[in-house]
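What follows is a short report on a single structure.
We did not get these values from a lab; they are worked out from the coordinates using the rules stated. In this text the structure is predicted, and so the values were computed from the model without any measurement. For neighbour counting, all protein chains shown are included, and Cβ atoms are generated from backbone atoms with ideal geometry for every residue, glycine included.
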Amino acid sequence: MTAEFDGQPGQGGSVSETIFSHMYSNGLVLVAEPMRSVQSAAFTFLVPAGCANEPANRGGLSGFLCEMALRGAGSRDNRQLILDLDNLGVERAEAVYDSHTGFGGVTVAESLFPTLAIYADILRRPHLPDEHLEASRLIMLQELQAVEDEPAQKAMIELRRRHYPPPWGRPSLGDRTAVEETTLGDIQAHFAQNYRAEGTILGVAGRFDWDALKEKIGELLGDWPAGSAAALPKIGNGALPGHLPHDSQQTQIGIAYPNVPYRDDAYFESWAAVGVLSGGMSARLFTEVRERRGLCYAIYAVCHSLRERGGVFCYAGTSADRAQETLDVTLAELVRLREGIEPHELDRLKARMKSTLIMQQESTSSRSTSIARDWHHLGRVRTLDEVGRRIDALTCQSVNTYLEANPPRGFTVVTLGPRPLEVPVEVS
Amino acid sequence: MKFLSHTLENGLEIVAECNGEAYSTALGFFVRTGSRDETEAVAGVSHFLEHMAFKGTATRGADDVNREFDEIGAHYNAYTSEEHTVFYAAVLPEYADRAVELLADLLRPALRVEDFETEKQVILEEIHMYEDAPPFGADDKCKAAYFGDHPLAGSVLGTAQSITRLDPEAMREYFLRRYRPGNVVLAGAGQIDFDALVAASQRVAGDWEPAPTQRAHREARPRNGFTALRKESASQQYAVAIGPGPSVQDDDRFAAKLLATILGDDSGSRLYWELIEPGLAEQASLSHSEYEDAGAMMTYLCCDPESAADNLRRVRDLLVQAETDGITAEELQQAKNKVSSRVVLSSERPRGRLFTVGNDWLGRREYRSVQDDLDTVTALTVDQVNAVCARYPLSRRTIVTIGPKANVVVGE
């Protein structure tokens, strides 16, 4: 069974419109975007092994497996694997998301195929060596311990856990007990169940030949067994209290509220509303909280999206004695959004987005990640041109209509610092 | 790809690497001023001034600056280091003139007293933020201990105390002394019409009044030492170490970068195999920083407090071994492949090239193309790298460790 739906090259224009895609008979999806005047090619594998897929008592297992998978695969032992990737000049990065493990990298275009061949080994034939289990465990534990010293990160991890219903907000690093108790058998089982063709998306962007790429991936991964997804684990929330005591000068403030997911028709309206809050230094949060009042150094709000649900995540860090005022002013700005946005705010946002879209064509790694994630969310890829048209079509009225129907509310607040703050009852 | 330069009558230099293939234009005013140009009484003023630049001119309010940058969709920001203060923006080519105008205005700030007091709070928050996060000030303390009475010893942020007592007059005096056209380079990279860039610069900065500026250069007299600081609330133990390295003027800097890659890159280096891969440390790295009259090889370590002393011994032994036995041809080739790839990747975007072009000009009045850097890296030999290792002994270092353990004993 072969599903063919190769994309159509576009008609040109200010931004790229060409996206190629191919689904192999085992369900693996390859999406690719050629980019002119670049020397590099970037790739992003999204493998369906995310935090949400981990057994209830094995938080962190996807990260543990990812760490082990890089310790030797195919004909290479752990040293040879790293050495060969280094010699190919690959800048690599791995990350565990809610529903995937991401293996990404970028390198000069000539090295793309030999690099992908190594990754085919990592995904299909990792040694998962017993003698590396304890070293990998130590790495996981070191990372968990290091986060204890990163107050902003720690607060936002907890915010996410409380905002999304389980298992969606689970922290990718897991928890100490789970990591300590993880066995090689757990890792092998997680690999066998979740590293599979069906549900894996490979995004490639940069300088490459589409036909050759499609054929190469067919050779490397075309006979990778499809596999099947297991039911998601049933777990409790496991969230910590809303205030985490921390011996620090500053208090970290995290605020989240529900938002439509990326695939929703109204996503661009919701994105624009958050842009008015936090897109650029003239946006409301930066202006009101930092520039006018000098309450903090860092403040932002961003849209985050899972496939079926989304959230707006907002952060501010400030001295403990000014934290209450910072929380109050920030919440007031979130609530004020319900009153609507102004035309000049939308105009600035559009100008920013236009340059962002055009500049994205100068970064192969940002494109390879975007197109792979698009496929996950939409089952297709939005070209930069389409995104541009959707943003052009935004009006104040469309954004304000959205905000009337979906005013920011249902806030989850997490604070971390020496003292808890008071969250006004009417907004909590 | 074409490099062009021009100097305005008042001394402001304009340099640009023009790439007709690029989608965007990156522009930046590079001011030769930073923490090394401060007296102790005004420690942190360069960085504070960088913030104040965004608060408007005599004719433009604080809100206007950010609003106008956002109106042209600019990706813009600024940073301050020991030696430079840089204001930069990446824009679509049609907005290049407007970006030059807005950036130039940043360099002529009003420095209003009420803005000064508000922004002072923001700076203090930034200081607190760094004090609350790893390595909890150990980096500044190590630099101070290593450089001693050298101008590079000072903190870029300053301290809560120095910022609190700073007044607008002192900032004005510093501004007038340092922000002179002869002390500024306007650099560009990407899609650039150079004649238009020069014309725009003349229009917005041609009347800046020149005056001589000076910077004191001094040979660094590096110190060795070991300090253990206690921070009970920390979970991990951190260590920062600084030793000597080639300066920005020194051709040895390329070999130093390869040496740092071989010994302390985040993947596949000796420190990686010794400490990261076995899970003994969360981070362990070695990097090279270059300044006008000094260089620094900096080691960074983050690990479980219980294994800190043992890990520090391992780092020391590894550095001593590199000094004694040198590196291998295979290691050098691996480092060359990595570094060459990074040079290519980081130069794909105009905003990546901007900083290389601007810093090369500020540091050496030199333009180097991507190919120049690749050729230099390719030609380096094992002997050259080993010679640098011998010239700048890695094991002669100042170490500061901070964390829950105060009694980290490394021994001889």
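Which of B:LYS405, B:LYS338, B:LYS257 comes first, and how do the rest follow, when ranked by fewest Cβ neighbours within 10 Å?
Going from sparsest to densest Cβ surroundings: B:LYS405, B:LYS257, B:LYS338.
Averaged across the residues of B:128-135, what count of C-beta atoms belonging to other chains lies within 10 Å of each residue's C-beta?
On the way: counts 9, 12, 1, 3, 14, 8, 3, 1.
Taking the mean over all residues of the peptide, I get 6.
Using +1 at the Cβ of each Lys and Arg and -1 at the Cβ of each Asp and Glu in the protein assembly as shown, identify which of B:ILE262, A:VAL90, A:ASN53 lies farthest towards the dipole's positive end.
Most positive-ward Cα: A:ASN53.
Rounded to the nearest 500, what is the 222 nm mean residue ellipticity of chain A from helices alone, with -39500 (n - 2.57) per DSSP H run of 4+ residues and division by all residues? The partial results should precede the final answer.
Working: 14 runs with 170 residues, N = 428.
Calculated from helices alone, the mean residue ellipticity at 222 nm is -12500 deg cm²/dmol.
Based on the Cα gyration tensor of chain A, what are the three equivalent ellipsoid semi-axes, each the root of five times an eigenvalue, rounded to whole Å and given largest first?
Working: eigenvalues 267, 170, 68 Å².
Ellipsoid half-lengths, sorted descending, are 37, 29, 18 Å.
Per q in 0.14 1/Å, what log10 I(q)/I(0) does a Debye calculation on the alpha-carbon atoms of the stretch A:119-273 return?
Log10 I(q)/I(0), no solvent term: -1.08.
So what is the orientation-averaged projected area of the stretch A:197-351, using the convex hull of its C-alpha atoms, in nm²? Please list the in-between numbers first.
Values: hull surface 58.9 nm².
In nm², the orientation-averaged hull projection of the stretch A:197-351 is 14.7.
List the pairs from B:LYS141/B:LYS405; A:LYS350/B:LYS55; A:LYS350/B:LYS338; B:LYS141/B:LYS336 whose alpha-carbon separation is above 27 Å, in the order I gave them.
On the way: B:LYS141/B:LYS405 17 Å; A:LYS350/B:LYS55 24 Å; A:LYS350/B:LYS338 38 Å; B:LYS141/B:LYS336 33 Å.
Check vs 27 Å cut-off fails for A:LYS350/B:LYS338; B:LYS141/B:LYS336.
Can you classify the protein assembly as shown as rounded, prolate or oblate using the Cα gyration tensor, where a ≥ b ≥ c are the square roots of its eigenvalues, rounded means a/c under 1.5, and otherwise it's prolate if a/b beats b/c and oblate if not? Intermediate results must be reported in sequence, preceding the final value.
Details: a/c = 1.26, a/b = 1.12, b/c = 1.13.
The shape class here is rounded.
Please list 3J(HN,Hα) in residue order for the stretch A:241-254, calculated via the Karplus relation 6.51 cos²θ - 1.76 cosθ + 1.60 where θ = phi - 60°; whole Hz, with x for glycine and proline.
Residue by residue, the stretch A:241-254 yields x, x, 10, 9, x, 8, 7, 8, 7, 9, 10, 9, 10, x Hz.
So what does the Cα-only Debye profile of the stretch B:225-403 read at q = 0.16 Å⁻¹, as log10 I(q)/I(0), no solvent term?
With one equal scatterer per Cα and no solvent, log10 I(q)/I(0) is -0.99.
Roughly how far apart, in whole Å, are the Cα centres of the stretch A:257-324 and the stretch B:297-358?
The distance from the Cα centre of the stretch A:257-324 to that of the stretch B:297-358 comes to 36 Å.
Need one value for B:280-291: mean number of C-beta atoms belonging to other chains within 10 Å of its residues' C-beta atoms. It would help to have the intermediate numbers written out before the result.
On the way: counts 4, 3, 10, 3, 0, 0, 0, 0, 0, 0, 0, 0.
Whole-number average of other-chain Cβ neighbours for B:280-291 is 2.
First obtain the Kirkwood hydrodynamic radius of the stretch A:38-147 from its Cα pairs, then insert it into the Stokes-Einstein equation at 37 °C and 0.692 mPa s, and state the resulting D in µm² per second as a whole number. Provide the component values of the computation, followed by the final result.
Numbers: Rh = 14.6 Å.
Diffusion coefficient, whole number: 225 µm²/s.
Check cross-link reach from A:LYS234 to the aspartates and glutamates: straight Cα distance under 20 Å, and skip same-chain residues fewer than eight apart.
Partners found: A:GLU54, A:ASP98, A:GLU158, A:ASP175, A:GLU181, A:ASP186, A:GLU308.
Starting from the Cα gyration tensor of the stretch B:2-205, take the square roots of the eigenvalues, sort them a ≥ b ≥ c, and report rounded, prolate or oblate (rounded when a/c is under 1.5, otherwise prolate if a/b is larger than b/c, else oblate). Mind dumping the intermediate values first?
On the way: a/c = 1.85, a/b = 1.62, b/c = 1.14.
Prolate is the answer for the stretch B:2-205, as a/c is 1.5 or above and a/b outweighs b/c.
Let me confirm one metric for peptide A:138-150, namely the mean number of other chain beta-carbon atoms within 10 Å of its residues' beta-carbons.
Other-chain Cβ atoms within 10 Å of each residue's Cβ, averaged: 6.
Suppose every K and R has +1 on its Cβ and every D and E has -1 on its Cβ; what is the size of the dipole of the protein assembly as shown about the Cα centre, in Debye to the nearest 20? Mind dumping the intermediate values first?
Numbers: 85 positive and 121 negative charges, 108 e Å.
For this selection, approximately 520 debye.
Over the alpha carbons of chain B, what is the largest minus smallest coordinate on each principal axis, giving the biggest first in Å?
61, 49, 36
Averaging sequence separations of C-alpha pairs under 8 Å and six or more residues apart, then dividing by the length of the stretch A:243-417, give the relative contact order as a whole percent.
Numbers: 267 pairs, mean separation 66.0, N = 175.
Reported as a whole number, the value is 38 percent.
Please give the helix A:396-405 orientation as an angle from the longest Cα principal axis of chain A, in degrees from 0 to 90, rounded to the nearest 10.
Between the helix axis and the principal axis of chain A, the angle is about 80 degrees.
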